[in-house]
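Below is one structure; the comments refer to it alone.
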Amino acid sequence: MRNLAIILLAIWLIASGLLPLLNVSIPSSDVILAVLAVAAGVLLLLNRGEFRLPRNLGVLLLGVWLILAGALPLLSISFPSSEVVLGVLAAAAGVLILLKR
């Protein structure tokens with residue numbers, strides 16, 4: 001299940017980076033990217049096995065970020081400072097993953 005989560009995450013990262021970079025428009029690409037993000041986040045969180053917070057906290061935050069980044073636009077939900085919250089989650093996840101925490 002972890003491999004599937006990593007594959008979905010990789011597809012999401014490549015697509016979300018290349019589509020704007022190449023100025024390519026695909027019908028419903030926002031929905032497709034949101035579903036990919038939610039699926040990857042859920043699979044990453046489910047694959048954690050026993051829940052040990054200090055270990056792999058970066059992956060946990062990445063999973064939460066993916067779910068929020070996918071679910072908020074998919075469900076047309078917004079809240080004040082949602083971009084700031086997502087940015088802080090993304091930065092914290094990236095730093096912790098780089099530090100292997």
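The values are calculated or read from the model by the stated rules, or taken from the named source; none is laboratory data. Keep in mind it's a predicted model, so treat the numbers as computed, not measured. Cβ atoms come from the backbone with ideal geometry, glycine included; neighbour counts cover every protein chain shown.
Under 21 Å from residue 3 (Cα atoms), part of a helix (DSSP H, G or I), out of contact with any strand residue (DSSP E or B) (no Cβ under 9 Å at 6 or more places or on another chain) and modelled with pLDDT of 80 or more - does that describe any residue in the stretch 18-25?
Applying the first criterion (under 21 Å from residue 3 (Cα atoms)) to the stretch 18-25 yields none.
Within the stretch 18-25, not a single residue is under 21 Å from residue 3 (Cα atoms), part of a helix (DSSP H, G or I), out of contact with any strand residue (DSSP E or B) (no Cβ under 9 Å at 6 or more places or on another chain) and modelled with pLDDT of 80 or more.
Looking only at the stretch 26-52, which residues are outside any helix (DSSP H, G or I) and at pLDDT 80 or above? Walk me through how you get there before you give the answer.
Initially, the stretch 26-52 is screened for residues outside any helix (DSSP H, G or I), giving 26-28, 47-52.
Of everything in the stretch 26-52, those that are outside any helix (DSSP H, G or I) and at pLDDT 80 or above turn out to be 26, 27, 28.
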List the number of the failed condition for residue 73; all other conditions in (1) without any contact (Cβ under 8 Å) to a residue 12 or more places away in the chain; (2) touching a helix residue (DSSP H, G or I) at 6+ places or on another chain (Cβ under 7 Å) hold.
(1)
Could you please give the count of residues in the stretch 1-38 that are of a type in the set (S, T, N, Q) and surrounded by 12 or more Cβ atoms within 10 Å (Cβ to Cβ)?
2
